[in-house]
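To start, the structure under review is shown below, and the notes come after it.
The values are calculated or read from the model by the stated rules, or taken from the named source; none is laboratory data. All values reported here derive from a predicted model rather than from experimental measurement. Cβ coordinates were reconstructed from backbone atoms using ideal geometry, including for glycine residues, and neighbour counts include every protein chain displayed. To get the accessible areas, we keep the full protein, side chains included, count just its heavy atoms, and leave off ligands, DNA and RNA. Shrake-Rupley method; radii C 1.70, N 1.55, O 1.52, S 1.80 Å.
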Amino acid sequence: MFRNFLIFAFLFAGFFAKAQAQAAPDNFVKENYSKKEYDISMRDGIKLHTIVYSPKDAAVENKYPFLMQRTCYSVAPYGEDAYPVRLGPSTLLMREKYIFVYQDVRGRYKSEGVWTNMTPHIDAKKNKTDVDEASDTYDTIDWLLKNVANNNGRVGQWGISYPGFYTTASALCDHPALKASSPQAPISDFFYDDFHHNGVFTQGYYLTFPVFGIKPSEPTAASWFENDFIKPTPDGYTFNLNMGPLKNFDKYYSKNFFWQETVDHPNKDEFWQKRDILPHLKGLKHAFMTVGGWFDAEDLYGPLNTYKTIEKNNPGIYNTLVVGPFGHGRWSRETGHTFHNDIYFGDSIATFYQNTIEGKFFNHFLKGAGDGKTGLPEAYLFDTGKKKWETYEKWPVANVEKKKLFFQADGKLSFDKPAASKSFSEYVSDPMKPVPYTENYKQMSGFTPFEYMSEDQRFASTRPDVLVFKTEVLTEDMTLGGEILAQLKISTTGTDADFFVKLIDVYPDDEKNNEFQPNPKVVMAGYQQMVRSEIVRSRFRYSIEKPEPLVAGKLTDVNFRLQDVLHTFKKGHCIMVQVQSTVFPLFDRNPQKYVANIYKAEASDFIKATQRIYHQTGAESGLTVDIIK
């Protein structure tokens, strides 16, 4: 189980990626860097364990900048004679040499203090006990500048996933030496990232709660939560279904503080609002490069909204967005042939990103002129349909046409408004027979989902509880680039309902398999590649803070955003949209009878419901999309 955690930690944080050689000799770090460990005192007296790797050739006439990562996932290996195989975000930057700094955040591993998830930021600090990630970063930078020899006075930071959140929160320290921050797959708000999507609980994370909800009794180099992991059966779908209502997880997690906090705060109340870093991203002065992956099953909301919020609230600063054809954190390691699930995007894409984009960003601001003239665009984004990088002066781009793809009778999808005066599609949603979110049962028993974001949806399209709407074959390429708004006109026989909407690229019937195809059983002809998806819990249709039940039988608007997309649907392909109410066990099941707190629902609360999606004059359902001209 602990081995699985290490695998998970790479996927979730990217930190353990530095343990991979990536074309560097195993002894490169030890031969070229000196290692020191420090316990640095913060303003309130708490000491944070910090490891510093300094280039051996650092000297008064050859100074280096700091490049720092702060993490809750351990800065191992511990001990001044123990060296990792790799340092920093890439082999390029390791070879070019920086003073690399790794720090255990409060209450994690060898650092003192009490840890909480998504540390609330304090805008106005009144005394030394008002501490957060920004104050800890300020105090750390101040100490490093004074105590680590031969530094050039400049500091940069990066981190993937949870360390991406620490990068964002740390950027608020306003230390004059901090010149460049790169939040990568950053968590920004747990009600939209990771553990929830639009308030719907991500049940696919049930195995991770020991990592985030058990506190060590004292600083330690060991993973203190190893014995608290649930041991599911290999069939994760059946295991979760047999678990029953969410309240039954209490038998495993009754002493898990994060689980109890999640149960006690089913809506985005003050507890979650305090842990949303986005409202605080104001008054920033240094350079940012936010990085994400279009197929990141954990943190896609975070990078897109971190970039957009910084752009909106901090006009004039250097702020760029990079999104590639990657799953969670996968830009930090090279795989050669770049796949996500069955989809091949090209070769050496991670190396291109590391050398051409990330390396240029950090070298410019930490070693170079630092004037913002990096040669990089505002947005460096990968078109997942054309399978090539595109550059834009802003994101979302200016030259787009907003159009609505309307659902039609007989499963059709078009840009024409439906003409029927009365028309709807319906299905029976049975929470006892939920739609699986993937055909990969092994993934359902893993720490986190990964592959489903681009998975073939043919397994779902034949189910009677999944609606399918499809265009005619496209006669020319069509690039969707920007935001997507799902606008559903629904009714239900229940008093609550979930709706999961999927935007899908349907390949032509003569599509050939790629020569590098990892799974020989895959047939790309007719493949239904999921391009984007999102779920909404209808109780939150008006407010994420104050839920309201649906009125059975009443036609109701349910509108919500899918995450951004950059995908060219090619000539000869079709655009498809699928709609369903269960996505199990990725997301928890809605009882479909309104209860105040679904985490405390009884088995008897779960009922079948008939869901209607309307496509008629005056009640048109569909997706509003941005088409790049």
Requested in this report: Two decimals is fine: what is log10 I(q)/I(0) at q = 0.13, 0.16, 0.20 Å⁻¹ for the stretch 292-449, from a Debye sum with one equal scatterer on every Cα and no solvent?
Outcome: -0.87, -1.10, -1.32
Report task. Grab the other residues whose beta carbon is less than 15 angstrom from that of residue 369, score K and R as +1, D and E as -1, and report the net. Result -> +4
Report summary line: Per the rule of 0.36 nm per residue minus the C-alpha distance, extending residue 552 to residue 439 adds in nm 37.4 nm
Report task. Could you name the lysines whose alpha carbon sits less than 17 Å from that of residue 433, not counting residues in the same chain fewer than 8 places away? Result -> 593, 608
**Report entry** Percentage relative contact order, the stretch 404-562, counting C-alpha pairs under 8 Å, at least six apart
**Finding:** 25 percent
Query raised in the report: For the stretch 70-169, what relative contact order do you get, as a whole percent, if you take Cα pairs closer than 8 Å and at least 6 residues apart?
Result: 30 percent
Requested in this report: Please report Rg over Rh for the stretch 162-207, where both radii come from the alpha carbon positions and Rh follows the Kirkwood definition.
Outcome: 1.14
Report summary line: Inverse of <1/r> over all distinct C-alpha pairs of the stretch 91-178, i.e. the Kirkwood Rh in Å, gives 14.2 Å
Requested in this report: Send over the per residue convex hull volume for the stretch 561-629, Cα only, as a whole number of Å³.
Outcome: 184 Å³
**Report entry** Projected-area average for the stretch 477-629 over all orientations - Cα convex hull basis, square nanometres
**Finding:** 11.9 nm²
Query raised in the report: Can you give me the relative contact order of the chain as a percent, contacts being Cα pairs under 8 Å and 6 or more apart?
Result: 15 percent
Requested in this report: For the stretch 460-466, take each phi angle, set θ = phi - 60°, evaluate the Karplus expression 6.51 cos²θ - 1.76 cosθ + 1.60, and give the result in whole Hz per residue in order, putting x for glycine and proline.
Outcome: 8, 5, 8, 6, x, 9, 10
Query raised in the report: Among bridges DSSP assigns within the chain, what percent are antiparallel (round to 5)?
Result: 75 percent
Query raised in the report: By per-residue mean of other Cβ atoms within 10 Å, what is the highest-first order of 552-560, 321-329?
Result: 321-329, 552-560
Report task. Work out, step by step, the length gained on full extension between residue 250 and residue 487: first 0.36 nm times the residue separation, then minus their alpha carbon distance; give nm to one decimal. Result -> 81.7 nm
Report summary line: Among trypsin sites (Lys or Arg not before Pro) in the stretch 276-373, those in a DSSP loop whose Cβ has at most 15 other Cβ atoms within 10 Å are 282, 285, 373
Report summary line: Dividing the helical contributions, -39500 (n - 2.57) per DSSP H run of n ≥ 4, by the residues of the chain yields a 222 nm value, nearest 500 deg cm²/dmol, of -4500 deg cm²/dmol
Query raised in the report: Per residue, what accessible area does the chain have, given a 1.4 Å probe and all protein chains present, in Å²?
Result: 37 Å²
Report task. Could you rank the peptides 71-79, 576-584 by their average count of other C-beta atoms within 10 Å per residue, with the highest value first? Result -> 576-584, 71-79
Report summary line: If amide H atoms are modeled at 1.01 Å from N in the peptide plane, then the residues at a separation of 5 or more from residue 484, or on another chain, having amide H under 5 Å from its own are 562
**Report entry** For peptides 204-212, 189-197, sequence by mean Cβ density within 10 Å, most packed first
**Finding:** 189-197, 204-212
Query - Sulfur and carbon atoms: percent of accessible area, the chain [1.4 Å] - result: 49 percent
Report summary line: Subtracting the Cα-Cα distance of residue 410 and residue 34 from 0.36 nm times their residue separation yields 128.6 nm
**Report entry** Largest-first ordering by accessible area, 1.4 Å probe, given options 145, 550
**Finding:** 145, 550
